[in-house]
Amino acid sequence: MASAPQPQLPLFYNDLMPLNSRDHGTWKARSVDKATWVGTQHAIPLTVDEFAQAQRYFPIVFSSGDSSVPLALLGLNEGVNVYFDSDGQLAEDVYVPAYIRRYPMLLAKLTPNAEEMSLCFDPSAELMGDFEEGHALFVDGQPSDHTKGLLDFCQKFEEAGARTQAFMEELAKADLLMDGEVAIQQGDKPDQPFIYRGFKMVNQEKLRTLDGEKLKQWNEIGLLPLVFAHLFSLDLMRIIFAKQVQQGKGPGAAN
């Protein structure tokens with residue numbers, strides 16, 4: 001089942017701490033070649049800015065529930081990820097969603113009434129600390145170029161998130177999302193297809209009957225290509241299923 005992240009803290013995050021020069025003036029950020037926080041995650045939030053690249057590698061679906069969000073499927077079942085191993089090592093050269101690359105940083109409001117968002121991080125990740133080596137977070141009490149880069153990345157992610165929300169609102173207003181279902185034939189059991197449900201997808205019948213003016217408007221503002229990227233990407237579910245079988249993970253794998 002493809003579910004939206006829990007509302008308390010976003011997916012991956014166990015805690016949040018605001019980054020500041022008083023408490024973290026001597027801290028450094030570690031560089032890592034493994035995303036240990038990803039290994040067992042099968043569905044990763046995706047922004048519309050990433051659809052063009054992501055649809056080449058992953059099925060793009062929408063989470064079940066009332067507030068759907070786009071998701072890149074790295075596996076078809078909970079706990080199954082065919083692109084990262086259990087240690088978070090990338091198994092092949094694929095596009096890595098920005099949501100994964102942003103961690104452990106996050107822009108967040110420190111209080112419910114705050115107007116501005118502050119750069120925060122998850123201390124449980126142990127990727128930032130008073131280390132001897134790494135990228136300095138502050139220089140003479142001011143944010144370093146590395147920290148400025150982290151802030152810029154998070155700001156751009158938030159902007160992409162706003163565009164994603166607008167896209168989802170358009171789909172909702174047009175009532176285009178429906179409960180999804182994909183049947184995948186198993187080579188040795190053609191009469192027993194694997195049925196994947198628990199996500200939402202665009203209803204192609206409703207899409208074909210959309211008002212011509214609406215389709216023209218969506219095409220002009222770049223929403224129609226996003227819909228087609230999602231629909232074309234669904235064929236990759238069969239690729240993901242085959243990878244699961246090959247790796248001995250999930251339904252269809254040999255016992």
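Do we find that Ser31 is assigned to a loop (DSSP other than H, G, I, E, B), in contact (Cβ under 8 Å) with a residue 60 or more places away in the chain and open to solvent by 30 Å² or more (accessible area, probe 1.4 Å) in this structure? Here the answer is yes, as Ser31 does meet what is asked. Cβ-Cβ distances below 9 Å connect the following pairs, each with a first residue in the stretch 122-147 that is open to solvent by less than 20 Å² (accessible area, probe 1.4 Å), a second residue that is among the β-branched types (Val, Ile, Thr) and in a loop (DSSP other than H, G, I, E, B), and a separation of six or more residues or different chains: Leu137/Thr26. Exactly one residue out of Glu115, Glu92 is open to solvent by 10 Å² or more (accessible area, probe 1.4 Å) and farther than 22 Å from Leu19 by Cβ, and it is Glu92. Can you go through Glu159, Glu170 and tell me which one is under 21 Å from His230 (Cα atoms), in contact with a Phe, Trp or Tyr (Cβ under 8 Å, 6 or more places away or on another chain) and not in a strand (DSSP E or B)? Among Glu159, Glu170, only Glu170 is under 21 Å from His230 (Cα atoms), in contact with a Phe, Trp or Tyr (Cβ under 8 Å, 6 or more places away or on another chain) and not in a strand (DSSP E or B). With respect to (1) open to solvent by 30 Å² or more (accessible area, probe 1.4 Å); (2) within 17 Å of the chain's Cα centre (by Cα); (3) over 21 Å from Ala43 (Cα atoms), the lone exception for Asp152 is condition (2).
The values are calculated or read from the model by the stated rules, or taken from the named source; none is laboratory data. The structure displayed is predicted, hence computed values, not measured ones. Glycine gets a Cβ as well: all are built from the backbone with ideal geometry, and neighbour counts include every protein chain shown. In case anyone asks, the SASA skips ligands and DNA or RNA and just uses the protein heavy atoms, side chains included. Shrake-Rupley method; radii C 1.70, N 1.55, O 1.52, S 1.80 Å.
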